[in-house]
1. Is it fair to say GLY104 is modelled with pLDDT under 95, touching an Asp or Glu at 6+ places or on another chain (Cβ under 8 Å), over 18 Å from LEU8 (Cα atoms) and not assigned by TED's automatic domain parsing to the domain that holds GLY172?
2. Of the residues that sit in segment 16-47 and are in contact with a helix residue (DSSP H, G or I) (Cβ under 9 Å, 6 or more places away or on another chain) and part of a loop (DSSP other than H, G, I, E, B), which one is nearest to ARG81 (Cα to Cα)?
3. What do you reckon, is THR86 buried (at least 16 other Cβ atoms within 10 Å of the Cβ), in contact with a helix residue (DSSP H, G or I) (Cβ under 6 Å, 6 or more places away or on another chain) and either at negative phi or in the same structural domain as PHE169 (by TED's automatic domain parsing) (or both)?
4. Can you run down the residue pairs with Cβ atoms below 9 Å, 6 or more apart or on separate chains, where the first is in segment 16-30 and closer than 13 Å to GLU148 by Cβ and the partner is acidic (Asp, Glu) and not in a helix (DSSP H, G or I)?
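The values are calculated or read from the model by the stated rules, or taken from the named source; none is laboratory data. Model, not experiment: these values are computed from the prediction. FYI the Cβ positions are ideal-geometry reconstructions off the backbone, even for glycines, and counts take in every protein chain you see.
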Amino acid sequence: MQAAVATLFPDLFSSFSECGVVGRAVEKGLVDLSILNIRDRAVDDRGSVDDYQFGGGAGMLLRPEPLFETLERIPWRAEARVIFMTPQGRRLDHELACDLAESGGMIIFCGRYGGIDQRFRDAAVTDEISVGDAVVSGGEIPAMFLLEAVLRWIPGVLGRMESAQSDSFATGLLDYPRYTRPADYRGMKVPEVVISGNHAEIEDWRFREALELTGRKRPDLIDSKSEDYLKERFIRLLRLADRQKEKNSG
């Protein structure tokens, strides 16, 4: 996959692009990630990239010239989704992350100050994306969030895709409680069903726990769906994850 981030603060991505899921994707050659400095296309020798708003108003805006010229430096831009991180955008969710992972590439623009000139949004941006109903000083941290959410769905990045397929939202529900050794720690015991070895009972318990948790914390995820549909999807993905785990182990 081709990916690029356009930012005024490229140093913020130095460690990020070398660590964790993103670093693994880059190291394996599964993603070609470019970090572009918008200031390289400044409009004058002083490095200016922003200006006052027409009509007045608080905050400086990124000018259109550096934005368009940064985009035009990318030879594969015609096949890519051009993304602007903004609180006004569609909220990032599981479906959008998977959709972007299947795209030909993505170019993420990080705003700063009071935002960016609307003409770039109208003429060049294909997707406006938000990572939550809160505002930060720039699009860099939201862009990192987006990159990790997307790249983990590219085959080979996680090593074991079952890790992603059984996550919260992938099954349509929030994640079920998970336990590891020891089975009894300071009097806190793992539920007997989890260590029973009865896979059918374990699947049913996990579904019931995930359904209860989702109904309590995120009822909007299940309001319009039947319990039978949710259980069928949940169990199918769990079993698919188990089969892939066995295949990778063998």
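1. Yes, satisfied.
2. Per the stated criteria, the residue is VAL31.
3. Criteria not met by THR86.
4. Note: pairs meeting the criteria are VAL26/ASP32.
Rundown of residues vs (1) touching a Leu at 6+ places or on another chain (Cβ under 8 Å); (2) touching a residue at least 12 places away in the same chain (Cβ under 8 Å); (3) within 19 Å of LEU61 (Cβ to Cβ), yes/no style:
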position	(1), (2), (3)
MET85	yes, yes, yes
GLN88	no, yes, yes
CYS98	no, yes, no
PHE109	yes, yes, yes
ARG121	no, yes, yes
VAL131	yes, yes, no
